[in-house]
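Quick notes on the structure that follows.
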Amino acid sequence: MDKQVTKIGVLTSGGDSPGMNAAVRAVVRTGIYYGMEIFGIMRGYSGMIENDIVPMHSRSVANIIQRGGTILKTARCKEFFGYEGRKKAHSNLKKLGINGLVIVGGDGSFRGAHQFSEEFDIPCIGLPGTIDKDIAGTDFTIGFDTAVNTAVEAIDKIRDTADAHDRLFIIEVMGRDAGYIALHSGIATGAENILIPERKTDIEELISSLQEKEKRKKLVNLVVVAEGDNFGGSDEVAKVVKQRLPNVDTRVCVLGHIQRGGSPSCLDRVIASRMGYSAVECLMEGRFNVMVGILNNKMHFTPLEKAVKAKQKIGDEWMKIVKILAS
Ligand code: ADP
């Protein structure tokens, strides 16, 4: 492909993550710097289909780098799964002369972008915007650092009340398919046990470790559970713990959506800025249909069809660290 991209559409799609605004800002300002026209597409692929597309100027993205959520809104769009929906989206882009897209989202959004670029020959660049950090080809995803720090802050608070009452807390953090938030927030808060989807939960091992702690009168314990843990999440784990350790004062706390919101961390703002800038450079240089990532502190480009969920192995050493440090 050697066509020149002159008008870029930028959208945020799928689950929101803190730092999406910083990425949009970087795309808009870099595009304008290079003399391109930039359009904001509202509510992910829905705005493309419904022609909810607005011109963006430098001032449109003023004062947003520090804001969570996304000024473009985001959505999951059923219609985009069907060819007719995508055709409609393409004809709306065509009317405006948009000849390049930047999509900030997760692996689902990249699958959609890949399909769309194959069918309509529109160059697409993906930026990994997800709190789960489960995308191949990048060490960082926009939003993970903020989300995990939000979890850490909340768990620290829970530890205070656990300590005051000598309680066992089972804390559920986000991560349907990936345990990075659980693993990192658990280690950072000194959790006694961490349950993640990447490893089969051995409930007997958990119970015996808690029984052993009960015996040595270690009564304040935190168990961090990823929502996608294969035992069934915090409620299921708590049921068994309450049955088997009836004398332990056990409480459950599900952190939920607070992990998605809030002002992005410095790291998320910086990686979003670098990735947004790089996305425009890719479109200028004809490096089409890739996801922009950062590996070993260098920009790294992965073909969109390969930028799928990366279920990475979390090695035994991680768990050994948890066990030793929380003894
Ligand atoms: P995320 O991008 O956070 O992984 P989703 O998996 O919900 O979120 O995907 C976001 C949107 O991307 C979907 O609602 C849909 O509009 C589009 N999408 C996902 N997969 C496909 C696909 N195979 N074909 C077309 N569009 C898709």
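Based on Cα coordinates alone, diagonalise the gyration tensor for the range 93-250, multiply each eigenvalue by 5, take square roots, and list the semi-axes in whole Å, largest first. Walk me through the numbers on the way to the answer.
Working: eigenvalues 352, 47, 23 Å².
Whole-Å semi-axes of the equivalent ellipsoid: 42, 15, 11.
Just to confirm the number: angle between the C-alpha axis of helix 233-244 and the first principal axis of the chain, 0 to 90 degrees, nearest 10?
For 233-244 against the chain, the angle is about 10 degrees.
Sort the following peptides by mean Cβ neighbour count (other Cβ atoms within 10 Å, averaged over residues), highest first: 265-276, 88-99. Write down the numbers at each step before the final one.
Details: 265-276: 22.2, 88-99: 17.0.
Ranking the peptides 265-276, 88-99 by packing returns 265-276, 88-99.
What residue among His114, His257, His57 has the largest mean-square fluctuation in a Gaussian network model of the chain, using Cα springs under 10 Å?
His257
Rounded to the nearest 20 Debye, what is the dipole magnitude of the chain about its Cα centre when Lys and Arg each give +1 and Asp and Glu each give -1 at the C-beta?
Working: 43 positive and 40 negative charges, 99 e Å.
Result for the chain is approximately 480 debye, rounded to the nearest 20.
Quick one: work out the % antiparallel among DSSP beta bridges in the chain, nearest 5. Can you show the working numbers first?
Values: 11 of 44 bridges.
Rounded to the nearest five, the antiparallel share is 25 percent.
Which one of Pro303, Pro264, Pro55 has the biggest mean-square fluctuation once the chain is modelled by GNM with Cα springs under 10 Å?
Greatest mean-square fluctuation among the candidates belongs to Pro55.
What would the Debye equation give as log₁₀ I(q)/I(0) for the chain at q = 0.12, 0.13 Å⁻¹, counting only Cα atoms as equal point scatterers?
Taking Cα atoms of the chain as identical point scatterers yields -0.79, -0.88.
With a ≥ b ≥ c the root eigenvalues of the C-alpha gyration tensor of the range 5-105, is it rounded (a/c under 1.5), prolate (a/b larger than b/c) or oblate? Write out the running numbers ahead of the final one.
Details: a/c = 2.39, a/b = 1.24, b/c = 1.93.
Judged from the Cα gyration tensor, the range 5-105 comes out oblate (a/c at least 1.5, b/c at or above a/b).
Report, in listed order, any pair from Lys200/Lys320; Lys3/Lys95; Lys133/Lys213; Lys87/Lys309; Lys242/Lys320; Lys3/Lys78 with a Cα-Cα distance greater than 23 Å.
Details: Lys200/Lys320 15 Å; Lys3/Lys95 18 Å; Lys133/Lys213 32 Å; Lys87/Lys309 26 Å; Lys242/Lys320 26 Å; Lys3/Lys78 30 Å.
Where the Cα-Cα span goes over 23 Å, the pairs concerned are Lys133/Lys213; Lys87/Lys309; Lys242/Lys320; Lys3/Lys78.
Springs between alpha-carbon atoms under 10 Å, Gaussian network over the chain: tell me which of Glu153, Glu227, Glu212 tops the mean-square fluctuations.
Result for the chain, Cα springs under 10 Å: Glu212 fluctuates most.
Taking Rh as the Kirkwood radius, which is the inverse of the mean 1/r over Cα pairs, what is the Rg/Rh value for the range 232-327?
Numbers: Rg = 20.9 Å, Rh = 18.2 Å.
Ratio of gyration radius to Kirkwood radius for the range 232-327: 1.15.
Cα extents of the range 172-314 along the three principal axes, largest first, in whole Å?
Sorted from largest, the Cα extents of the range 172-314 read 65, 29, 25 Å.
With all protein chains present and a 1.4 Å probe, how do Arg43, Arg260, Arg76, Arg251 order by accessible area, largest first? Please list the in-between numbers first.
Working: Arg43 70, Arg260 45, Arg76 180, Arg251 100 Å².
So the residues, ranked largest to smallest area, are Arg76, Arg251, Arg43, Arg260.
Would you mind checking which residues have amide H under 5 Å from Asp139's amide H? H placed 1.01 Å from N; only 5 or more apart, or other chain.
So Asp139 has HN proximity to Ile294, Leu295, Asn296.
The values are calculated or read from the model by the stated rules, or taken from the named source; none is laboratory data. The structure displayed is predicted, hence computed values, not measured ones. As a convention, Cβ positions derive from the backbone with ideal geometry for all residues, glycine included, and neighbour counts pool all protein chains shown. Side chains included, ligands, DNA and RNA excluded: accessible areas come from the protein's heavy atoms. Shrake-Rupley method; radii C 1.70, N 1.55, O 1.52, S 1.80 Å.
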